Amino acid sequence: AYTNVIMSSDEEGGNVPDNMQVTHPAATIGTIGEVHSHPLTAADYVGVEASYAPLGQSVRCCVTEGMAPEGHPALEWLDTTRQKFNMLSGGVVVANAIVIGLETELGDDKFVFFEHCFVVFFLFEMLLRLYQIGCRKYMYDKWFVFDAVLVVIGVLDLWVLPIITEEDSSLGRLTSLRLLRLMRILRLLRVLRMVRLLSIFGTLVMVTKAIGRAFQVVCALAAIVTAMNYVLAIFLTQLVGHQASDWASVGKEDDITEWFGDINSSMRTLFRIMTLDNWSEIVMTVGEVAPPITTAALFVSYVFLTAYAFVCLITSILSSQLIQAQLDTKDKKVHDTEDLRAVLATQVREHVQEGHESPLIDAPLLKDLLAEDETLLTRLEELDIKTTKAGLNNLVDGLLMDGFISIDHFVEKIVNLSGAAKAQSIVDLKHLTLHGHRQIFQLHDQIIAMEKRFNKDLEKVNKQLDIL
C-alpha cells in the first residue's frame, strides 16, 4: 500500500521543506525527536503523529492516503527494457494474430477498428523505444528494425494507401489495381508480427538459436539419407520395379510398378517407408514373390536406421545445441550483469567522490548524497538488487569503522548486495582484511615510535648512571 507522507518542520527555520513528498514511506511511529523501527506501509496509521529523520532532522508528519508517488509499479509497464513491457507486447501480438485469423474467416470489415488499435499500439511502442534507448541503439538491433518495418507496413496498409486510392481520382485503372494488390500483400505480411514473439520471450530466442546451430548438422544428415535412398532406389528399381511382371500372378503388378517402376517412384516409396506411411503393406506385397524373411529383415533394418536411429541422432543434436544455447544465454546474462555492475560502481563512486578527495567519508554526508540520487534504486533493480532508502542508510551504518566509511568498500558493497556465492560477504571480508592491514601498519608504526622513545630514555638513564 502506498501512502503520501506530508512533512513539516518541528522548529521554525528547519531545513525540511513544508509539504515535502516522501517517495518511500519509511516514517516511523513515535513522538517528536524519537525514531523507531515500525514502518508505515499501510493505511492503518492514517492521521497518526510520527517522527521522521531523513537527514538527522526531527520533524512532525501526518500520513494521509493518496496516490502512489513517483516510481509507482504501474510505470514499470512503460519501461521497454523490463520484462513486464515485453509480456504486454507479446500479449498484443497474440491478440493481433487471433484477429487476423478471424478476419480470414469472417471478413475484414468487422475488425477494422481493432487493426487501427493494434497499429496505434505498435507505433507507440516503436516511438517509446526510440525515446528510451535512442535511435542508434534501436537501429543496431535487428529485431527492433524488423518491428519498425512491420509498423511501417501497418501504417501504409491502413492509413496511407487507402487515402491515395480514394482521393486521387486521376489514377488509372491499372495503377489502382496495382495499389490494391500491394495493399493485399501488405495485409498478408501483418501475420509476420507473430515472429516478434521470438524477440520478446527469452526462451523462444534460446530455442531458435539452438535450432539454427543444429540446422547445418541436420542438413548433413539429410544429405546422407538422400544419398542412401538414391542408392537403394537404384537397387529396388532394377531388382523389383523392372521385374514387376513376376507379381502379375498375385495381381500386384500395377502396385509394384507404381512403387518401384523408376528411380523417382522408388525414392518416394522409400520416403514413405521412412515415415512409416503404410510401410507394412508395401513389405507384405513385395514379400509375396520375394523371400518373405529376407524382405522383412531388409525393410525393418531400413526402418530402424532411418525412422529411429536418425531421428534419435537429430534429437540428441538439438538437445546438445539447446544446452549450449542455455549456457551461452547464462554467460551473456552474467557478462551483461557484470558490465552493468561496473557502470553502476563508477557512477556511484563519481557521485560520492564529487568534490571529495579523501578515500573516507562520514556517514551523514554519505546519506545526504544517497538521498540526492533519485535514480539509484532503479539502477540497483536492474541488477536484481531490491532495497529501499532506509535499507541503504542501514547499510551505511553497518560499514562504519573508526567513525568513517571507506568509499571503495561502500561502492563494492552496494553493487554486490545480491549475486552468486554471497558476493557481498566476500566484499566485506576483503575490506575487513584491508582494514586489519591498516591497523597492523599503524600498530607497527606506534611500536617503532615507542621503541625509539624507549631507546632515548635508556640512553639518558645510562648517562646518569655513568655520572653517578
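Quick look at the values:
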quantity: Residue in region 218-225 that is under 20 Å from LEU298 (Cα atoms) and touching a Gly at 6+ places or on another chain (Cβ under 9 Å) present; calculated: no
quantity: Condition broken by VAL289, with the remaining ones in (1) under 29 Å from GLY212 (Cα atoms); (2) surrounded by 12 or more Cβ atoms within 10 Å (Cβ to Cβ); (3) β-branched (Val, Ile, Thr) satisfied; calculated: (1)
quantity: Residues satisfying the stated conditions in region 351-388, i.e. surrounded by fewer than 17 Cβ atoms within 10 Å (Cβ to Cβ) and within 25 Å of GLN83 (Cα to Cα); calculated: ASP373, GLU374, THR375, THR378, ARG379, GLU381, GLU382, ASP384, LYS386, THR387, THR388
quantity: Number of positions in region 93-139 that are without any contact (Cβ under 8 Å) to a residue 24 or more places away in the chain, open to solvent by less than 30 Å² (accessible area, probe 1.4 Å) and aliphatic (A, V, I, L, M); calculated: 1
quantity: Matching entry among LYS367, LYS330 (being modelled with pLDDT under 90 and farther than 18 Å from LYS413 by Cα); calculated: LYS330
quantity: Total residues in region 263-278, condition under 19 Å from PHE235 (Cα atoms) and open to solvent by 70 Å² or more (accessible area, probe 1.4 Å); calculated: 3
quantity: Qualifying residue in region 238-252 (condition: surrounded by fewer than 18 Cβ atoms within 10 Å (Cβ to Cβ) and either on the phi > 0 side of the Ramachandran plot or within 57 Å of the chain's Cα centre (by Cα) (or both)); calculated: yes
quantity: Count of residues meeting criterion [polar (S, T, N, Q), within 25 Å of LYS209 (Cα to Cα) and crowded, with 16+ Cβ neighbours inside 10 Å] in region 302-328; calculated: 1
quantity: Scope region 177-196; condition of a type outside the set (Val, Ile, Thr) and surrounded by fewer than 17 Cβ atoms within 10 Å (Cβ to Cβ); matching residues; calculated: LEU177, ARG178, LEU179, LEU180, ARG181, LEU182, ARG184, LEU188, LEU189, LEU192, MET194
quantity: Near pairs, Cβ below 7 angstrom, 6+ apart or cross-chain, from region 363-382 (over 12 Å from VAL348 (Cα atoms)) to any residue that is in a loop (DSSP other than H, G, I, E, B) and open to solvent by less than 50 Å² (accessible area, probe 1.4 Å); calculated: ALA371/PRO54
quantity: Candidates VAL303, VAL334 - the one that is of a type outside the set (Asp, Glu) and farther than 30 Å from LEU376 by Cβ; calculated: VAL303
quantity: Wholly within region 125-167, helices (runs of 4 or more DSSP H) carrying at least 2 residues that are modelled with pLDDT of 90 or more and farther than 22 Å from LEU182 by Cβ; calculated: 135-140
quantity: The one condition in (1) modelled with pLDDT under 95; (2) over 30 Å from ASP331 (Cα atoms) that MET206 fails to fulfil; calculated: (2)
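The values are calculated or read from the model by the stated rules, or taken from the named source; none is laboratory data. Model, not experiment: these values are computed from the prediction. For neighbour counting, all protein chains shown are included, and Cβ atoms are generated from backbone atoms with ideal geometry for every residue, glycine included. Each accessible area value is taken on the protein alone, full model and side chains, heavy atoms only, with ligands, DNA and RNA left out. Shrake-Rupley method; radii C 1.70, N 1.55, O 1.52, S 1.80 Å.
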